[in-house]
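Report on the following structure.
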Amino acid sequence: MNAPVDLDHARIAATTPLDRLDPSNPALFRDDVWQPYFARLRREAPVHYCAESMFGPFWSISTYKDIMQCELAHKVLSSDSLHGGISIRDRDKALRLPMFIAMDPPQHDEQRKVVQPIVAPGNLAKLEHVIRERAIRILEGLPRNETFNWVDRVSIELTVSMLATLFDFPQEDRRKLSHWSDCATALPMPGGLIENEEQREAVFAEMLGAFMKLWNERVNADPRPDLISMLAHGEATRNMTPREFMGNLVLLIVGGNDTTRNSISGGVLFLNENPAEYNKLRANPALIETMVPEIIRYQTPLAHMRRTAVADFEIGGKTIRAGEKVVMWYISGNRDETAIEQPDRFIIDRARPRGHLSFGFGIHRCVGNRLAELQLKILWEEILRRFPRIEVVGRPERTYSAFVHGITNLPVRIPG
Amino acid sequence: MPQVTYIEHDGTEHRIALEAGKSVMQGAVDNAIPGIDADCGGECACATCHVYVDEAWLAQCGTPGEQEASMLSFAATAAPNSRLSCQITMSPALDGLIVRMPEAQH
Ligand code: HEM
């Protein structure tokens, strides 16, 4: 079964004049009705200009192949925060955080190389045991025959305790990490988590204080295999300004938080929507290996990444001018029928399940990709050992964002 | 047809015949040889078809281009004889090529 297509949206998507089509409206993602809009773009305007949106004018790239081309064009399509960074929403210039995801070479390359060793194969093997132990503890604590929010009890718990491990951050304060991450990506709005940018800055200041303390401890101690110690001792990072340090922290916290969280939630939802796949998995738990990348494709935890053209750029017969904003819609490329067979179906035993865009490609390709997969793999191994079924018993609620493609509430029940 | 030998990290060897013009990555994928993931499908846009080229074959394989060098520089397991196997094209001159796989691809 696939997500039901909302007929109204199928009609609106089909009849809105192309030049007025705005795929960036966060409500499309909150209401899970984005599919027909991108299907039309892929068909009729794979490189599409939207002149007016709540984020200003922008280009949409919606097919797999064009997105790959943009990913490789990092010399012309900049990630630099000076031009607005990596998400569709421009941040106030004064408040922009320097972090390597939002830098171009050569600084990007230097800083990335410092962080990379934490996810080297040898290090991941060391983490496997800790991840499994935390996953078991979380799963053992879940109630039976009772409705609860899977997002809160499992997805958030597991990802924040993992992050706390990566930073060697006090476990008892781990929920602060998810709070900071949520604040970093929230759209400011009245009554929202963040009402304005000053509030966001205040949260960042609190976060910086907590991390500076850890930095000071570790810079004066021998190097250890945690992220803060690595930043404090790394040649390219040890002289970072506090703002740069904060930028990199936000990057690692956000990078490793919502994305993994939403993949954990998505998996439970997709298996419930596709009972035949759930049966296949129960019959053969070895399919976890190919299911994990399929979950990450199907969820696409970051709906897009944004670039800014620094010179004119030709793509798909269109010319994008220097200074213009380019949005690579991974969520659409991952549903591109010319690149992926039956892309709207969730199939846990695909032959080449890692051929998806969710981690990006090119020089900014996700540093944490194998770590994220490892977390999901271990979690599902432990779930299948314990629970024959996790039932979704209510409608999922989703994040109001065109960037973080997330699930905020997933009511489930474990029979037992 | 020219032959390539792939050696997995645990020492398991796979010797295959690979048509000239195909990439060394493609040879591994077509023959389901474990240890080469090739997530991007040969676009030089990730580093998951990373191999160590046997010293004796380094010169014949040429040197990495700029994009390949960037992608390799981020692979924590990279060494001076590292290449992305999607960027090595099979030819009669490479008959007998030996490549080794890293502990894991990422
Ligand atoms: C399913 C989970 C995840 C998804 C879908 C995801 C997605 C992404 C994407 C799309 C990018 C590319 C940015 C671009 O091209 O501009 C990226 C970069 C990055 N991710 Fe992830 N991520 C995930 C998990 C993680 C984890 C667990 C970590 C932390 C260890 C992490 C850390 C990073 C970092 C540091 C970058 C910046 C890389 C660079 O700019 O060179 N991510 N991620």
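Descriptive notes on the structure:
- Accessible surface of chain A, 1.4 Å probe, proportion on carbon and sulfur as whole %: 53 percent
- Cα-centred dipole magnitude for chain B, charges only on beta-carbon of K, R (+1) and D, E (-1), debye, nearest 20: 140 debye
- Gap separating the Cα centres of segment B:41-106 and segment A:40-76, nearest whole Å: 31 Å
- Per-residue [θ]222 nm for chain A (sum of -39500 (n - 2.57) over DSSP H runs n ≥ 4, rounded to 500): -14000 deg cm²/dmol
- Interface size B-A, as summed buried accessible area [1.4 Å probe, Å², nearest 100]: 1800 Å²
- Net lengthening on full extension, residue B:95/residue B:10 (0.36 nm per residue, minus Cα-Cα): 28.2 nm
- Whether segment A:89-172 is rounded, prolate or oblate, judged on the alpha carbon gyration tensor where a/c under 1.5 counts as rounded: oblate
- Residue with peak Gaussian network fluctuation, chain B [Cα springs, cutoff 10 Å], from B:26, B:60, B:87: B:60
- Per residue, segment B:3-95 exposes an accessible area of 42 Å² to a 1.4 Å probe, with every protein chain left in place.
- Convex hull volume per residue in cubic angstrom - Cα atoms of segment A:41-413: 141 Å³
- Pairs from the list A:65/A:318; A:65/A:377; A:213/A:377; A:280/A:377; A:126/A:280; A:75/B:22 with a Cα-Cα gap above 22 Å: A:65/A:377; A:213/A:377; A:126/A:280; A:75/B:22.
- Total charge dipole magnitude, segment A:220-370, about the Cα centre, Cβ charges on Lys, Arg, Asp, Glu only, Debye to nearest 20: 100 debye
- Shown for segment B:64-82: residues covered by the partner protein chains by 20 Å² or more of accessible area relative to the chain by itself (probe radius 1.4 Å), namely B:66, B:67, B:70, B:71, B:73, B:74, B:76.
- Reduction of at least 10 Å² in accessible surface, 1.4 Å probe, comparing all protein chains with the chain by itself, residues of segment A:98-130: A:109, A:112, A:113, A:116, A:119, A:120, A:121, A:122
- Gyration tensor verdict on segment A:1-80 (Cα atoms; rounded if a/c is under 1.5, prolate if a/b is larger than b/c, oblate otherwise): prolate
- Accessible surface for residue A:330 stands near 10 Å², nearest 10, in the context of the full protein assembly shown (1.4 Å probe).
- Measuring from each cysteine beta-carbon in the protein assembly as shown, the ones with no other cysteine beta-carbon under 4.7 angstrom are A:50, A:70, A:183, A:366, B:44, B:49, B:61, B:86.
- Residue-averaged beta-carbon neighbours from other chains (10 angstrom radius) around B:37-49: 5
- Candidates A:137, A:112, A:42: whichever shows maximal mean-square fluctuation once chain A is modelled as a Gaussian network with Cα springs under 10 Å: A:137
- Projecting the Cα positions of A:396, A:100, A:185 onto the charge dipole of segment A:41-413 (unit charges on Cβ atoms of Lys, Arg, Asp and Glu, taken about the Cα centre) puts A:396 furthest along the positive direction.
- Relative contact order (%) - chain B, alpha-carbon pairs under 8 angstrom, separation at least six: 42 percent
- Note on residue A:412: accessible area approximately 0 square angstrom, rounded to 10, probe 1.4 Å, nucleic acids and ligands left out.
- Projected area averaged over orientations for segment A:277-353, convex hull of C-alpha atoms, nm²: 6.2 nm²
- Extension gain for residue A:189-residue A:65 works out to 41.1 nm (0.36 nm per residue, less the C-alpha to C-alpha distance).
- Accessible surface ranking that places the most exposed of A:240, A:189, A:207 first, with a 1.4 angstrom probe: A:189, A:240, A:207
- Three-way shape call for segment B:3-95 based on the alpha-carbon gyration tensor, with the a/c threshold at 1.5: rounded
- Per residue, the accessible area of segment A:16-124 comes to 39 Å² when a 1.4 Å probe rolls over the protein heavy atoms.
- Charge dipole (segment B:3-95, unit charges on Cβ, about Cα centre) - positive-most of B:79, B:56, B:38: B:56
- Placing +1 on the Cβ of every Lys and Arg and -1 on the Cβ of every Asp and Glu, with no other charges, gives the protein assembly as shown a dipole of roughly 660 debye about its Cα centre.
The values are calculated or read from the model by the stated rules, or taken from the named source; none is laboratory data. Worth saying up front: this structure is predicted, and the values here are computed from it rather than measured. Note: ideal-geometry Cβ built from the backbone for every residue, glycine included; neighbour counts use all protein chains shown. Remember, those area values only see protein heavy atoms, side chains included, never the ligands or the DNA or RNA. Shrake-Rupley method; radii C 1.70, N 1.55, O 1.52, S 1.80 Å.
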